[in-house]
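> Before anything else, here's the structure in question.
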Amino acid sequence: MIDEIRRLLDDYLGWLRDNTVLRETGGWVEMTTPYLDRHNDYLQIFVKKTDEGYVLTDDGYVLGDLEQSGCSLDSDRRQNLLHMTLNGFGVELRDSRLQVNASSQNFASKKHSLLQAMLSVNDLFYLAAPNVASLFFEDVASWLDGHEIRYTAKSRFAGKSGYDHVFDFVIPKSRLKPERMLQTINHATKDAAQSAAFAWIDTKESRPALAAAYALINDLSGSPTPSAVDAFGRYEVKPILWSRREEFAAELAA
């Protein structure tokens, strides 16, 4: 099993490396990654060398795109959730830009954290148009609270690859059940499945024995693709469709 997990990690890192394209422009290096945003465009990071190391930024793309799509982040509630998400990844907000500073030693992990923050912020808010009353993350938190399911929100763990990973909810071990890690997936794409699966397999060995991972998938705004749902199961992340969440309430509350 360990050899299989090691191979999966190597395959993921190889896919990420081989499908990243670099281009120099105006003193910056434009890094086009294989991750897709909600428009199916490749996410880009811009990198510049400084006296202290490197600065990596999305150049304001993620928040600017949400604003242009009618998703305002001006409310205190959304600002708090935005900053909680960014803090979990160690990412700063600088004039609407998502940004990290890196050294040559931690460049890879910082780049990974920025990419995961971009994906997470996009996924958190992309359905939060002005007429939407709540966000999926908050819906999940309210449901957990309603069933008296104990949890810690936005917990960060280091993986064996050296990358940090943020889990939306962590349910501590009980007398009956092991530790459980929950990720909320607002838009169940292949990239979202791969990202959640990598976070789990990269941290699994450092978690307590029998720890388990779940993906809470929002299927009310659109049916997830079968390939995305299957991908979760392949990597031992148990998918839970939001429309069927009550079937798993007792399992998570135990």
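> Would you mind finding the one in Lys173, Lys190 that is of a type in the set (D, E, K, R), surrounded by fewer than 16 Cβ atoms within 10 Å (Cβ to Cβ) and at pLDDT below 85? Steps first, answer last, please.
Values: Lys173 fails: at pLDDT below 85.
Just a single option satisfies the conditions, and that option is Lys190.
> Okay, moving on. If you scan the range 11-36, which residues turn out to be of a type in the set (Asp, Glu) and in contact with a Phe, Trp or Tyr (Cβ under 8 Å, 6 or more places away or on another chain)?
Glu30
> Here's another thing I want to ask about it. Using beta carbons and a limit of 9 Å, which pairs, at least six apart or on different chains, have the first residue in the range 1-14 and over 17 Å from Ser195 (Cβ atoms) and the second one of a type in the set (Gly, Ala, Ser) and at pLDDT below 70?
none
> Same structure, new question: For the range 23-37, which positions are farther than 20 Å from Phe198 by Cβ and of a type outside the set (Phe, Trp, Tyr)?
Arg23, Glu24, Thr25, Gly26, Gly27, Val29, Glu30, listed by residue number.
> Now, a different point. Taking the conditions exactly as written (in contact (Cβ under 8 Å) with a residue 24 or more places away in the chain and under 24 Å from Gly27 (Cβ atoms)), does Ser96 satisfy them or not?
In short, yes.
> Filter the range 1-36 down to the residues that are under 17 Å from the mean Cα position of the chain (by Cα), at pLDDT 85 or above and of a type outside the set (A, V, I, L, M) and list them by number.
Once the filter is applied, which keeps residues that are under 17 Å from the mean Cα position of the chain (by Cα), at pLDDT 85 or above and of a type outside the set (A, V, I, L, M), the range 1-36 yields Thr33, Pro34, Tyr35.
> What residue, among those in the range 212-238 that are closer than 13 Å to Gln194 by Cα and outside any helix (DSSP H, G or I), is modelled with the lowest pLDDT? Explain how you work it out, then say what you get.
Of the range 212-238, the ones closer than 13 Å to Gln194 by Cα are 215, 227-237.
Applying the additional criterion that residues be outside any helix (DSSP H, G or I) yields 215, 235-237.
Working: Ala215: 93, Tyr235: 78, Glu236: 83, Val237: 89.
If we take residues in the range 212-238 being closer than 13 Å to Gln194 by Cα and outside any helix (DSSP H, G or I), then Tyr235 is modelled with the lowest pLDDT.
> Could you grab me the full set of residues in the range 163-202 that are in a helix (DSSP H, G or I) and either under 23 Å from Ala141 (Cα atoms) or not assigned by TED's automatic domain parsing to the domain that holds Thr152 (or both)? Reasoning before the result, please.
Taking the range 163-202 first, the residues in a helix (DSSP H, G or I) are 190-202.
Scanning the range 163-202 gives Ala192, Ala193, Ser195, Ala196, Ala197, Ala199, Trp200.
The values are calculated or read from the model by the stated rules, or taken from the named source; none is laboratory data. The structure presented is a predicted model; accordingly, all values stated were derived computationally and were not measured. Neighbour counts are summed over all protein chains in view; Cβ atoms, including those assigned to glycine, are modelled from backbone coordinates with ideal geometry.
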